[in-house]
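Structure, as structure tokens:
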Amino acid sequence: MTVKPRDTESRAHQPSYDPPPLPPISPRAELAVLLRVLAARGYDDLRAGHVTVGQPGGTILINPRELCWPEVRAGDIVTIDGAGRKLAGRYNPTIAADIHLELRRARPDVGIIVHNHPHWSVVWGDCHRVPPIYDQTSASIPEDLVLIDEYAGDFTGQDAAKRAAEAFGDAEWALLANHGVLVTGRSVAQAFLRAYTLEWRAQRAWEVEVLGGGHPMDPDVARDYGRQFQSATDGWWEAAMRMEITRDASVLDE
């Protein structure tokens, strides 16, 4: 009997499969999905928090002031201009939009800005500490997480917003002492990954330090991993969108 050699090459090169397709998603629907996805991951301080997404031509999409993040649908999203004036929408923009406007003036490259008071991140900000990196997922973002101690009560008013924007500087994500978080990105996908990683990192660090005996990752190793991970992030935001749309497709309703 002749024994055929194992086809090791074909076993090593298994066919790849495309992920399930997403339905057509408008910019307003993408923002609505982001609000719900983040709310399910700690960004759930009822009506608090605001997200803006820049659009071609200079208009800006923002979540409605009157609704909590988990209940927003595409048709609820508000459109404002670069000065914060409402252009379209059945609801109203937040009165704290000034921080978004000031940051966009200083950083035209910023496409999306996220602010909220997520559970675990707020704890670290209240302690004026940056959570160490204890695990692989926490190391997913190579940019330094900064702590900003410039809180003047809130972001309401141009002067307060300008001070906060100046303190944020060229950072990509930050803990706001005794307040919350501020996360930026060039795209919704990038901002999602940063916001998701921030709350994951804050919770894991809390749990490790409560247990005791934890050893943070070497900073250089963590940074190298984050840089490598950034080149392979395709599909993460799409996967999160698929899960939320499967859970409740009404989020896409215009």
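Quick rundown of the values:
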quantity	calculated
Which numbered condition Met1 fails, given (1) modelled with pLDDT of 50 or more; (2) out of contact with any strand residue (DSSP E or B) (no Cβ under 7 Å at 6 or more places or on another chain)	(1)
Selection within the range 232-254 - among the β-branched types (Val, Ile, Thr) and open to solvent by less than 40 Å² (accessible area, probe 1.4 Å)	Thr233, Ile245, Val251
Selection within the range 47-61 - among the small types (Gly, Ala, Ser), surrounded by 14 or more Cβ atoms within 10 Å (Cβ to Cβ) and assigned to a loop (DSSP other than H, G, I, E, B)	Ala48, Gly49
Members of the range 66-89 that are touching a residue at least 24 places away in the same chain (Cβ under 8 Å) and in a loop (DSSP other than H, G, I, E, B)	Glu66, Leu67, Cys68, Val72, Arg73, Ile77, Gly82, Gly89
Count of residues meeting criterion [within 17 Å of Ala161 (Cα to Cα) and either among the hydroxyl-bearing types (Ser, Thr, Tyr) or crowded, with 17+ Cβ neighbours inside 10 Å (or both)] in the range 81-100	8
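The values are calculated or read from the model by the stated rules, or taken from the named source; none is laboratory data. None of the values given here were measured: they were computed from a predicted structure. Please note: Cβ atoms are built from the backbone with ideal geometry, for glycine as well, and neighbour counts cover all protein chains shown. Calculation scope for accessible area: heavy atoms of the full protein, side chains included, ligands and nucleic acids excluded. Shrake-Rupley method; radii C 1.70, N 1.55, O 1.52, S 1.80 Å.
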